[in-house]
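**Student:** Structure incoming, see below.
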Amino acid sequence: MVSDIAPRATARRALDFVKDGQTLGLGSGRAAAAFVEALGERVGAGLRVRGVPTSVATVELATKAGVPLVTLAEAGELDIAFDGADEVAPNLDLIKGYGGALVRERIVAASARRFVVLVGAEKLVSTLGERGKLPIEIVPYALPLARRQLAALDLVPVLRTRADGATYVTDNGNWILDCGTRPLADAAGLERTVRALPGVVGTGLFLGMAHAVLVQDGTRVRVLERT
Ligand code: A5P
């Protein structure tokens, strides 16, 4: 369980990375939401920034917080993208997507010169896959094939549903297979293989992307930087 304190402390620390005039990627999930709210307070105090949201939920949140938004097309290259994560390996490779916004999150992070991740210490793992789940977004038409092919890779794909039992639909109109997994011996190899499967739109593996991870550890925030 992520403590309520964690996202706010990392969000405040993340603001140290932000400079006036920048264009920022705005992630999705609790940590990213805390960052958007903190950013909104700074905007209210005069900071001039523009945000590129990674989900419909973040559009709503940023609008409410008073953060001006632009589309990815209007923004071009971003200065920094900020987002949460579900697992962080020692080399800052990530698993993301428990919140379902993985595809847009990857596009926005890849559009930024720097990618800064905000997590609680419980997200730190020694090997990706330790928490037992890898989200994979697929085109709905591909479901039967994707299920078979992912199972053949020793994953256990389960179609994500909402609380009311309906199939969860991403902001891109796609579905998510939450793949049960053991710690991944070769995350890069798995990523290449899965992304080559027909109908796979994206995976939650964000390898070699994060430049810095802000970790709420007890009462302090640690900054881990990619070497
Ligand atoms: C959204 O799709 C995810 O990638 C989130 O960034 C991730 O699940 C972390 O979310 P929390 O900050 O809510 O734990």
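The values are calculated or read from the model by the stated rules, or taken from the named source; none is laboratory data. The structure displayed is predicted, hence computed values, not measured ones. Cβ: placed from backbone, ideal geometry, glycine included. Neighbour counts: every protein chain shown. Surface accessibility is based on the protein's heavy atoms, side chains included, excluding ligands, DNA and RNA. Shrake-Rupley method; radii C 1.70, N 1.55, O 1.52, S 1.80 Å.
**Student:** When you go through 193, 161 one by one, which is the residue that is more than 16 Å from residue 97 (Cβ to Cβ) and polar (S, T, N, Q)?
**Tutor:** After applying the criteria, what remains is 193.
**Student:** So, one more: Can you work out which of the residues in segment 141-173 that are assigned to a loop (DSSP other than H, G, I, E, B) and among the charged types (D, E, K, R) is surrounded by the fewest Cβ atoms within 10 Å (Cβ to Cβ)?
**Tutor:** For segment 141-173, the residue satisfying everything is 164.
**Student:** Okay, next question. If I ask for residues that are more than 21 Å from residue 162 (Cα to Cα) and either open to solvent by 50 Å² or more (accessible area, probe 1.4 Å) or at pLDDT below 95 (or both), which ones from segment 87-119 would you list?
**Tutor:** Within segment 87-119, 90, 91, 107, 110, 113, 114 qualify.
**Student:** Kindly evaluate residue 76 against the criterion of being modelled with pLDDT under 95 and surrounded by fewer than 16 Cβ atoms within 10 Å (Cβ to Cβ).
**Tutor:** It is true that residue 76 is modelled with pLDDT under 95 and surrounded by fewer than 16 Cβ atoms within 10 Å (Cβ to Cβ).
**Student:** Please tell me if residue 131 is among the basic types (Lys, Arg), at pLDDT 95 or above and under 17 Å from the mean Cα position of the chain (by Cα).
**Tutor:** In short, yes.
**Student:** Looking at (1) over 16 Å from the mean Cα position of the chain (by Cα); (2) more than 18 Å from residue 98 (Cα to Cα), which is the one condition that is false for residue 208?
**Tutor:** For residue 208, the exception is condition (1).
**Student:** Follow-up. For segment 126-140, which residues satisfy the criterion of being more than 8 Å from the ligand (Cβ to nearest atom), surrounded by 20 or more Cβ atoms within 10 Å (Cβ to Cβ) and closer than 25 Å to residue 163 by Cβ?
**Tutor:** 134, 136, 137, 138
**Student:** Give me a count of the residues in segment 27-52 that are within 12 Å of the ligand (Cβ to nearest atom) and outside any loop (DSSP other than H, G, I, E, B).
**Tutor:** 7
**Student:** Same structure again: Can you pull out every residue in segment 96-123 that is within 16 Å of residue 31 (Cα to Cα), of a type in the set (Gly, Ala, Ser) and in contact with a strand residue (DSSP E or B) (Cβ under 8 Å, 6 or more places away or on another chain)?
**Tutor:** Of everything in segment 96-123, those that are within 16 Å of residue 31 (Cα to Cα), of a type in the set (Gly, Ala, Ser) and in contact with a strand residue (DSSP E or B) (Cβ under 8 Å, 6 or more places away or on another chain) turn out to be 97, 100, 109, 120, 121.
**Student:** Which members of segment 53-67 meet the condition of being in contact (Cβ under 8 Å) with a residue 40 or more places away in the chain and assigned to a loop (DSSP other than H, G, I, E, B)?
**Tutor:** Within segment 53-67, 54, 55, 67 meet the criteria.
**Student:** Follow-up question, since we're still on this one. Of all residues in segment 74-108, which are away from the ligand (no atom under 12 Å from the Cβ) and assigned to a strand (DSSP E or B)?
**Tutor:** Result: 78, 79, 80.
**Student:** Let me ask something else about it. Kindly evaluate residue 111 against the criterion of being over 27 Å from residue 51 (Cβ atoms) and more than 9 Å from the ligand (Cβ to nearest atom).
**Tutor:** Here the answer is no, as residue 111 does not meet what is asked.
**Student:** Answer yes or no as to whether residue 123 is under 15 Å from the mean Cα position of the chain (by Cα), near the ligand (Cβ under 10 Å from one of its atoms) and not aliphatic (A, V, I, L, M).
**Tutor:** yes
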